[in-house]
Amino acid sequence: MNIRRLKSVGSALSCAALLAVAAGPVDAQEKQIVPFLTAESSPDSVQAILGLIAEFEEQNPDIGIELQLTSNDNRGPRIINSVSVGDELGIFEIERRLVPDFTRAGYLLPLDSIVEEIGIEKFIPGSLLYWPWDGHLYQFTSDLSAATLYWRKDTFEEAGLAEPDSFERLLEASERLHGQNGMSGNAFEASNRGGVQRFVTFLWQNCGDFYTEDGELAFDRDGTRQAVEDYAALNAFNPGGSHSWGSLDAVNSFIAGRVPLALFPGRLGFNLANNAPDIAKVTGNREARVARGGEGPRVVYGAVTSYSIGSTVRHPEAAKKFLKFLFTGDQLLTYSMGVPGHIAPAIKEVQARMLEQDDPYINDYRDWVETILEATTYFNAEAQNMGSIKDDCTFEKSLVPMPWSARVMGQSPVVSTMFQRISLQDVPVEEAYADAVEEHRAQMEAWKQENDWEPAPADWTPPGMQ
Amino acid sequence: MALTRAVKSADAVRAAGPKRSGDGLGSGTVFGLLMVAPAVLVLVCVLLYPAFVALQSSFYRIVTVTRAETFVGLTNYEKVLVEQAFWESLQRSVIWSVGAMTTQMIAGVAVALVLHKQIRGRSFVRGLVLFPYLVPAIVAVLIWRWIFSDTVGVANWLLVDSWGILDQPIPWFNPGWVMVSVIVMSLWKYLPYWALFVLARLQTLPPDLIDAAKIDGASAWQRFRYITLPWILPVVIVLLVLRTIWAFNEFDMVYLPAGGGPLFETTTIPVYIRRVAFEFGDMGHAAAVAMVMLVMVAILTNVYFWVYRRAEDRLN
């Protein structure tokens, strides 16, 4: 065979391969394929999800679910890029801050019908994120998470310290335990990836907040200033590199026995029990009371994980069917048991069933799971629930998302930068706080100048909150 | 037989004389064009077209999520040139690029010189040296984050607890140290790239030159300074050009360790572009930053090639 003929054959084979790829696999053309994008990418969660997908596909042989994994950090840009290039957005985990723009642009399908089929009374009050401006539901809640306080009972007992149920006791423990046995005082970090989530519990229990429900600045309240002072004092007893921690470094530090105090959702407990059972046995888990004297509204950091369906999805009814299947009943229980405690179901009876499971973690640490599940009834999320802490220091969960949250809580959150300046550059607390107040104000006003926005109707009450 | 056929073909071509205009493209030329067409198509699709779109976008205000566009002319460029965050990011990009390239170049040449020697197990070592380059950036960063961890990292354990070299652990991810950590990570990953190319060049160095220099009494340093270094310099310069361009554009090795922080210490230009695009939600502004960066890299590339031509001339 001469060179010329060889080249011709090679060209023909390449073209054939290209055509075959373009045609796609045969079974994909027969099934209704629904993409499913999630950031629940831990091995246990993925295993649970794949099992549920297989079960659904067996019951619905004409529907195929295509699992796509992403990281929490990259979720927003990935979704935005998909929309930009006209990619099909099937079921995807959406950040609350993207909902305003996505809703205005018509990218999301209303999902009210799913809740109506299930029954709204079955959900934990406040767990469904109805859109205040038109009353529809564009995000279906899959699960909740809420932070509790983990503390080393053995270390505390040895040092003669009382159970940490107030700021004063947290500070005393941090001071006394810092530098003892290779430990740092606490894991109340100020990193870009976790600082906001750790700080907000202090903020709210001191009657502070970022903004009001009407979109006015609340970061200049006295309560906010107090929270900043308190948190800065605790942050001084962090491990040295905590300002660059990733999302799980606080967990790993506790598991490694390097910190005796941490404020974190259920993932810490689960990972601790699995990786350091000896430490888990001497660890306590309690409701976080972090303001002075343990006073202040009963509220902690938490979040709703929710899924939306893109309006460009090719098979909307198939997508809704799978969404309802995955996050109700036995399936929701199986999904939640992937990481029990960290993934807390939003449906009351599924939460109750969780505690009845014959699972090693539930059996050994039932009290932890109960504490965490109870915390899901009083959690708040900074970007999802703007203005929940009122001027009179009461907690009334708002469903107004913070539209400019990407600017103040994105890659380099304003509060994280504030605390980093205090601890790494010795900037006085008052100065750093004043700069942060102005930055919060400036970013809000800049966003409002560039976007149309009106406060949510004052007389609207979301369904299921009565 | 094949040689006879080739000679006869060549004779036939010569007898035909030079091609005259109007003769049209020969089948060989057409076939050649068809063969390069896919590569050209790919280049146009993934390089030229996106660059054109980015240039066009830089004259608009584009809302990232909704893609709503408003023509703003040169406003985005004015914003870029006056905003402090851009110049600070540029400064960090320069520090990062210079630091990464200097360390990689010195270490790469050193490793290549060692691998060039007749040492036992040389083939095995050469293969092993390549390993870091095969590791994806995200995996490399995860490994080094564990090594440099302030609570569970082996680096500080060795320095403080095991060898007792230091009294206090190094805060690898604090301001002042975080860029050093990122440079170390990148050195580990890209050292094999340098070593491989410099080694290939070293293997073309005529051994007679080295032997003659030894006979003339030249020391090891003199042999390196006057023979080896000029010989490898053209390759080093080409590597510098390529790696500097890549380093300047590098996102993952810089962003993954510390997310652009702490206190923006690892917010180089690419990381800043991400911030503008996805936090401030303005794709047009981000495109303008990218265009300014493109111009800077192009100027830098021309300087490098000028230096390269001088080095080649001196070698010749």
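Read-outs throughout are calculated quantities, based only on the coordinates presented, and are distinct from any laboratory measurement. The structure displayed is predicted, hence computed values, not measured ones. So basically every Cβ, Gly included, is an ideal-geometry build from the backbone, and we count neighbours across all protein chains shown.
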Residue by residue through B:277-287, how many Cβ atoms from other chains fall within 10 Å of the Cβ on average?
4
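Using the number of other C-beta atoms within 10 angstrom as an exposure proxy, rank A:TRP404, B:TRP172 with the fewest first.
Working: A:TRP404 29, B:TRP172 25.
By the 10 Å Cβ count, ascending: B:TRP172, A:TRP404.
Just to be sure I understand: if I project the alpha-carbon convex hull of the protein assembly as shown onto a plane and average over all orientations, what area do I get in nm²?
Working: hull surface 177.2 nm².
The directionally averaged projection comes out at 44.3 nm².
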Taking beta carbons within 10 Å but only from partner chains, what does the mean come to for residues A:242-252?
6
For the pair B:ILE119 and B:ALA51, what calculated FRET efficiency results from E = 1/(1 + (r/R0)^6), where r is the Cβ-Cβ distance and R0 = 45 Å, to the nearest 0.05?
0.45
Rounded to a whole number, what is D in µm²/s for region A:124-280 from Stokes-Einstein with the Kirkwood radius over alpha-carbon pairs (10 °C, 1.306 mPa s)?
93
Mean projected area in nm² (Cα convex hull; one quarter of hull surface) for region A:325-411
7.8
For a distance above 22 Å, tell me the whole-number percent of Cα pairs in region B:181-316 that qualify.
55
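Kirkwood-based Rg over Rh for region A:130-223 (C-alpha set), two decimals? Show your work: numbers first, answer last.
Values: Rg = 18.3 Å, Rh = 16.6 Å.
Taking Rh as the inverse mean 1/r over Cα pairs, Rg/Rh reads 1.10.
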Can you give me the distance in nm between label points at B:VAL307 and A:ASP426, each placed 7 Å from the Cα along the Cα-to-Cβ direction?
3.9
Relative to the longest principal axis of chain A, what angle (0 to 90°, nearest 10) does the C-alpha long axis of helix A:316-326 take?
50
Can you give me the distance in nm between label points at A:SER71 and A:GLU175, each placed 7 Å from the Cα along the Cα-to-Cβ direction?
3.9
Mind jotting down the three principal axis lengths of region B:154-208 based on Cα atoms? Whole angstrom, largest first.
52, 25, 15
One can check that the equivalent ellipsoid of region B:59-112, built from the alpha-carbon gyration tensor with semi-axes equal to the square roots of five times its eigenvalues, has lengths in Å, largest first, of 38, 14, 8
What distance in nm separates the simple spin-label points at A:ALA159 and A:ASP62, each placed 7 Å from Cα in the Cβ direction?
6.4
So what does log10 I(q)/I(0) come out to for region A:323-367 at q = 0.17, 0.22, 0.27, 0.28 Å⁻¹, using the Debye formula with one equal point on every Cα and no solvent?
-0.40, -0.66, -0.96, -1.02
Rg and Dmax in Å for region B:107-174, alpha carbons only: what are they?
16.0, 42
Whole percent per 10 Å bin, from 0 to the bin with the longest distance: what is P(r) over all C-alpha pairs of region A:169-226?
21, 37, 28, 10, 2
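Given the -39500 (n - 2.57) contribution per DSSP H run of 4+ residues, what per-residue ellipticity at 222 nm results for chain B, rounded to the nearest 500 deg cm²/dmol? Walk me through the numbers before you get to the answer.
On the way: 15 runs with 214 residues, N = 316.
Estimated from H runs of four or more residues: -22000 deg cm²/dmol.
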May I ask you to work out the translational diffusion coefficient for region B:192-249 at 25 °C, viscosity 0.890 mPa s, via Stokes-Einstein with Rh from the Kirkwood sum over Cα pairs, reported in whole µm²/s?
196
For region A:193-249, one quarter of the surface area of the C-alpha convex hull, expressed in nm², comes to 4.4
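Based on the alpha-carbon gyration tensor of region A:100-152, what equivalent-ellipsoid semi-axes (square roots of 5 times the eigenvalues) come out, in whole Å, largest first?
Taking √(5λ) for each Cα gyration eigenvalue gives 27, 16, 9 Å.
Report the Rg/Rh value for region B:75-315, based on alpha-carbon coordinates and the Kirkwood definition of Rh.
Working: Rg = 20.9 Å, Rh = 20.2 Å.
Reported Rg/Rh, Kirkwood definition of Rh: 1.04.
Rounded to whole Å and sorted largest first, what semi-axes of the equivalent ellipsoid does the C-alpha gyration tensor of region A:279-371 yield via the square root of 5 times each eigenvalue?
Details: eigenvalues 203, 77, 20 Å².
They are 32, 20, 10 Å, listed largest first.
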Inside 10 Å of the C-beta atoms of A:412-420, what's the mean count of C-beta atoms belonging to other chains?
3
Counting only DSSP beta bridges with both partners in the protein assembly as shown, the antiparallel fraction in percent, to the nearest 5, comes to 70
If you only keep lysine pairs separated by 8 or more in sequence, or across chains, how many in chain A come under 26 Å at the Cα atoms?
16
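For a quick check: sort B:PHE86, A:PHE140 by the number of other beta carbons within 10 angstrom, fewest at the front.
On the way: B:PHE86 21, A:PHE140 24.
Final ranking by Cβ density, sparse to dense: B:PHE86, A:PHE140.
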Counting only helical runs of four or more DSSP H residues, what would the 222 nm mean residue ellipticity of chain A come to if each run contributes -39,500 (n - 2.57) and the total is spread over all its residues?
-13500 deg cm²/dmol
Would you report the distance distribution of C-alpha pairs in chain A as whole percents per 20 angstrom bin, up to the bin with the largest distance?
23, 53, 19, 4, 0
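Could you calculate the FRET efficiency of A:THR394 with B:GLU78 from 1/(1 + (r/R0)^6), where r is the beta carbon distance between them and R0 is 51 Å, rounded to 0.05?
Working: r = 47 Å, r/R0 = 0.92.
Efficiency computed from Cβ-Cβ geometry: 0.60.
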